[in-house]
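Please read the structure below before turning to the comments.
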Amino acid sequence: MRRLRRASCLTLYWEGKEFVVTNYLSGKQVVTQPALCQILQRLMFFTNRHEVEHQFAVVPDSRNILLSLIDADILLQEGSAIERKDRRIDRVWKWGQNARFFHFSTQEVHYTFDHERVRSHFERKAKTHPPPSPF
């Protein structure tokens, strides 16, 4: 049975009324309850699966929530490819969480050299969602 730990490459934020936890290495996210942060805090180090399940036992629908956290790479299985990458980044990256988040979350940005297509896209978007005032 593999041990689990909380990923270090996480962002947590409110999006409207939903509390979102995102692993910015994999781009996966899960909507959950902020109370789970207390459990995640305790899982900084590898913990056997049985103990993790025990900690989640106080949460309604704990089995499904635990599985969704594993599927979203919020909890990482020891030795998995994403866990090794997460560990390596946590060990060597010295610029802090904000720089890490920015770097990895912008890796999948789709860019086009078709300026007319970009202009058309933003003109359509501005009709329903005008840009903010520059002042």
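The values are calculated or read from the model by the stated rules, or taken from the named source; none is laboratory data. Everything numeric in this text was worked out from a predicted model, so none of it was measured. Cβ atoms come from the backbone with ideal geometry, glycine included; neighbour counts cover every protein chain shown.
Here A57, A81 are screened, and the one residue that is over 15 Å from the mean Cα position of the chain (by Cα), among the hydrophobic types (A, V, I, L, M, F, W, C) and modelled with pLDDT under 90 is A57. Here is a list: V118, V92, V59, V52. Which entry is closer than 25 Å to E15 by Cα and out of contact with any Cys (no Cβ under 7 Å at 6 or more places or on another chain)? Criteria check complete, one pass: V59.
The lone criterion from (1) free of Cβ contacts under 8 Å to residues at least 40 places away in the same chain; (2) under 27 Å from the mean Cα position of the chain (by Cα) left unmet by I70 is number (1).
Condition check ((1) in contact with a His (Cβ under 9 Å, 6 or more places away or on another chain); (2) under 20 Å from L4 (Cβ atoms); (3) surrounded by 11 or more Cβ atoms within 10 Å (Cβ to Cβ); (4) charged (D, E, K, R)) across all residues:
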site: H50; (1), (2), (3), (4): no, yes, no, no
site: I74; (1), (2), (3), (4): no, yes, yes, no
site: S80; (1), (2), (3), (4): no, yes, yes, no
site: V92; (1), (2), (3), (4): no, no, no, no
site: G96; (1), (2), (3), (4): no, no, no, no
site: D114; (1), (2), (3), (4): no, no, no, yes
site: K127; (1), (2), (3), (4): no, no, no, yes
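Taken as a whole, the structure places E51 among residues that are farther than 22 Å from A99 by Cα, over 16 Å from the mean Cα position of the chain (by Cα) and acidic (D, E).
Only a single item in (1) part of a loop (DSSP other than H, G, I, E, B); (2) without any contact (Cβ under 8 Å) to a residue 40 or more places away in the chain; (3) within 15 Å of the chain's Cα centre (by Cα) is not met by S8, and it is number (2). Among the residues of the stretch 14-23, is any in contact with a Pro (Cβ under 6 Å, 6 or more places away or on another chain) and either free of Cβ contacts under 8 Å to residues at least 24 places away in the same chain or under 22 Å from Q107 (Cα atoms) (or both)? Yes, because at least one residue in the stretch 14-23 is in contact with a Pro (Cβ under 6 Å, 6 or more places away or on another chain) and either free of Cβ contacts under 8 Å to residues at least 24 places away in the same chain or under 22 Å from Q107 (Cα atoms) (or both).
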